[in-house]
Every structure is written in C-alpha cells, then in structure tokens.
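Colleague: The structure that follows is given in the form of structure tokens.
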Amino acid sequence: MIILGILVMMVLGILLMAMLDVLVFQQPFFTVLVQLLPVYPDTSTIYMIIGAFVIAAWVNFKMTDRLKKKYGSKSKNQGGEKRDTKQS
Amino acid sequence: MTLSKVNTVDTFTLQLVFLLSTSIIFGTPSVVPDSWLVGIVAFFPACLLIVIYSTMLALQEDRGLYPMLEKAWGKVIGKGFVLIYSTYFLYIAARNIRDMIELIMSTLLRMTPVPLLTTMFVLLIAYTVLGGLHAIARFASLILWLILFMLLTLAILLMFSSSIILEQMLPFLSKGMWPVVKSAFSFSIWFPYGEIIVFLVFQPQLGGAKGFRKITLYAFLSTCIILSLTDLIQIWTLGLEDKKYSVFALLDAARLINIANIITRMDAIIALIIIFGTLLKCTVFLLACTEGVARVFNREAKDFAFPLAVVAGAFSILVTRNSAEHVTEGLKYVIYTLHIPLQLLVPLLTLLLIRIRYRKGATT
C-alpha cells in the first residue's frame, strides 16, 4: 500500500505541475507533460524518484525487520545472554 | 488513544516561524511601492480565515481537517479531497524546497550540484518528520529566538554601518491606497497567512477551536509586525527601486553591512535564518501530507515520511524550469488555481455542508 500511495501522490503531483505549466506557457497539455517528465537531459530526478520507490518498497516489505531476523537477532541475544550471566 | 497536546507557547512559536520562514526570503511581493503597508492591510481580511477555520473546528468537536472533510463530503468524495489536500501540501513543500535551493545556489554553494543539495535537505526534512509534531514545535521555539536575535542584530549592524536612510521610503503612497489594498487581497492574504490551513490537520494535537483562534491571531499579528519591519529595513537600505528588482531583498540588505571593514558579509546569517525556517515549514507541510496519505491508504504516517520527502525533492527540481518562471507561477497562477480554492472555497463549502448536514441537535 505504501508503494501505491507514493505512485498516486506522484501522478497527482505531476498532473498538478503540468496543469500549472499549461497556464504559464499557454501550450497543450501533452506537450507540457512530455516536457515536464524527467527523461532527458537532466536524469537526476529519475534517480530520486526510483530512490523514493526503493525506500517505499523497503518499508512496505519490512526489510529492516526481515534482515534483523535473519542476521541481527542472533548476535544481539548472545550479547544479552552474556550480560545476564555477568550480572548473575 | 488520546494524543498529548502541544503546549500553547510551542504552538504559537511553531505558527510564527511557519509564517515567517519563506516570507522573509522574498518579503511582501513588490508589486506596489509601499509593500510594507501591504502586510498590515492584509492582516485584517486574513483574520476572516481564522474565523472560518475556527468555526469549522468548533462545529466538528476539534477534529482535524481530514476527518472533517470525510464527515462533510462523505467517505468517497472526502477521501478524494484528502488526496487533493495532500498533493497541495506536497506541492507547496516542493516549492519551498526550490526557494531555499535557489537561495543556497546563488549565495553559499554555487558549485554544488542541485540534486545533491536537494537530496540532503529532503532527508533532513524526513528525519524531522519522524520526530512528530511535539519535536517540531520544540524545534520551532529554538529557531524563533535565533530568527529574532539575528534580525535584531541585522538591524543594529545596518544602523551602525550608516546604510539605513529613512528618506528612501518616499514618495509615500505615490499611487494612492487602492494598489496597496488590491495587492493585499491578491497576494498577501493567501501567502503567508492562508497557508495556516495546514494547522487544521494537527488540531487534535493542538489547542482545538478556542486555542486555534487565540494563538493564530497572535501569530498573525506578530508576523504582520515582523514582516512589515523587515520590509521597512529593506526599503530603507535598498530603496524602492532596488527592492523591486531584488530577488532576495533581505539578503541584499545584509550585504550592505560594513563596519570598519571588519564586520562584513553578514548575508550568511540571513541565509542561515532562511534555511532553518524553510526546514521547519517543509517539515510541517510534509507531515500534513503524510497524515493525509496514511489516512487514505490505512498505514502509519511515518511509513510515508522518507519516500514522500524524496518525491518532494524530485518535484522541487521539476516544479519550474527557471527562477523567473518560479516567481511568476507562484505570484500569479498558484494563488488563483490552488490557494484561493483550497484555502477559502473548499473550507467554506465544507462549513456550509457541515451546517446543513449536522444541524443543532443532530448527532455529528
């Protein structure tokens, strides 16, 4: 649902910006939309948008918890056990 | 679950810094010579917005904006409006980020690539959003003192460097009062005063209708005084003509400080004020946006903080092609297509619908 949310917000945002550009430049909607889409020459925004979706996917599929379960929890418990034995 | 409320002082400082932040960068739009008067004139009609918003809150037992929209317009249309408001807040956040990036690019970090600056800034915003409204409000208290101290220092230093010439504000009202009133109604009510609508989203955590009315009135009054004073400082130092053509007038005024060739280049101080202020303003907008999206898609708001912040960063690059278009779009088209409908018309219609649907005695 997070990925869908980001997608919806991005589409709505781009439509809003295109609508404003239609008013500013007095050009047809599709011309403005094509010029607005970050394809060429500045590709940096594409990387940012991909980054946003990667973060959204990371949160959506709970990657932190999964990785913690797979790699992190074992060593943490061991540390806890060691501390417990020291205290006792 | 009951939400703990942000205290009154923190709410006031949050609103004040929010209203001041980007307005200080550009000042009151210099479409008329006596721009310092515009802010004062705009204050009175802006108070009507407080009346509308607080009446909405009072009628719906201090619910936030989003539940109010759903209650008034029904589930489906209400959710549509929630999405529209979320997009509006995201767009305004993107514009504010662009404002700040333009300023940094022209004054401090000329060689740094824009995407790098933007990414670093939006990650900071997202991190602040994760702190929640309480943390942002406490952060605002800190920033407010910094802003006031730096503005006072600026005024004193300008005075000592003999840059303030009071005659520069003449001729006073050369075109009469009408252009001032017109400018107040066309621009200054909607930016910055009207943007206070974003605080309706957080009302369950703020003071409710009664608190909102009082605190916002004081915040508006303080903003009006501070903005008029900074406008006056700009006019006294730069003159009417230079101020009209200056993009960052306060920054240009700060550049004039020169005390015995020792204290110079104080524009960095102004840039710092603006960076802090913009950070807070963008955080508030992004927080409101995440709450809206989270409401529609049934997730926690913090899950959307980082992805939406990065999207806002990308939008800040896409939003306009150059700074001339950025200013024209902001002053002309955004006001009539976004600010007036979403700050005045939709709230008025919502208020009307709530009045009709939930008359006295009917359950809300």
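The values are calculated or read from the model by the stated rules, or taken from the named source; none is laboratory data. Given the structure is predicted, the values throughout are model-derived calculations rather than measurements. In this analysis, Cβ positions are derived from the backbone assuming ideal geometry, glycine residues included, and neighbour counts consider all displayed protein chains. Only protein heavy atoms, including side chains, enter the accessible area calculation; ligands, DNA and RNA are left aside. Shrake-Rupley method; radii C 1.70, N 1.55, O 1.52, S 1.80 Å.
Colleague: Which value, in Å² rounded to 10, gives the accessible area of A:Tyr71 with a 1.4 Å probe and all protein chains present?
Modeller: Number for this one is 150 Å².
Colleague: Could you work out the mean count of beta carbons from other protein chains within 10 Å of each residue's beta carbon in A:12-25?
Modeller: 6
Colleague: Show me the three semi-axes of the equivalent ellipsoid for the range B:244-356, from the C-alpha gyration tensor (sqrt of 5 times each eigenvalue), largest first, rounded to whole Å. Walk me through the intermediate numbers first.
Modeller: Working: eigenvalues 261, 83, 44 Å².
Sorted largest first and rounded, they come to 36, 20, 15 Å.
Colleague: Direction-averaged shadow area of the convex hull around the Cα atoms of the range B:40-141, nm²?
Modeller: The number I arrive at for the range B:40-141 is 9.7 nm².
Colleague: Determine the order of B:Arg213, B:Arg355 by accessible area, beginning with the largest, at a probe radius of 1.4 Å.
Modeller: B:Arg355, B:Arg213
Colleague: So, one more: Quick one: grab Rg to one decimal and Dmax as a whole number for the range B:115-174, Cα atoms only, in Å.
Modeller: Taking only Cα atoms of the range B:115-174, I get Rg and Dmax of 19.0, 50 Å.
Colleague: Sorted by accessible area with a 1.4 angstrom probe, largest first, how do B:Lys214, A:Lys68 fall?
Modeller: B:Lys214, A:Lys68
Colleague: Can you give me the Rg/Rh ratio for the protein assembly as shown, using Cα atoms for both radii and the Kirkwood formula for Rh?
Modeller: Over the Cα atoms of the protein assembly as shown, Rg/Rh equals 1.00.
Colleague: Something else about it: So how compact is chain B: Cα radius of gyration and Dmax in angstrom?
Modeller: Cα only, chain B: 20.4, 72 Å (Rg, Dmax).
Colleague: Moving to a separate point now. Using the alpha-carbon centroid of each, what span in Å lies between the range B:266-339 and the range B:171-206?
Modeller: When both Cα centres are located, 19 Å separates them.
Colleague: Would you tally the net charge around B:Val319, using a Cβ to Cβ cut-off of less than 12 Å, leaving B:Val319 out, and scoring K and R as +1, D and E as -1?
Modeller: Values: positive: B:Arg95, B:Arg98, B:Arg321; negative: A:Asp21, B:Asp99, B:Glu102, B:Glu325, B:Glu329.
After counting each charged neighbour, the total is -2.
Colleague: Sort out for me the Cα centre separation of the range B:37-96 from the range B:115-160, rounded to whole Å.
Modeller: With the range B:37-96 and the range B:115-160 each reduced to a Cα centre, they are spaced 25 Å.
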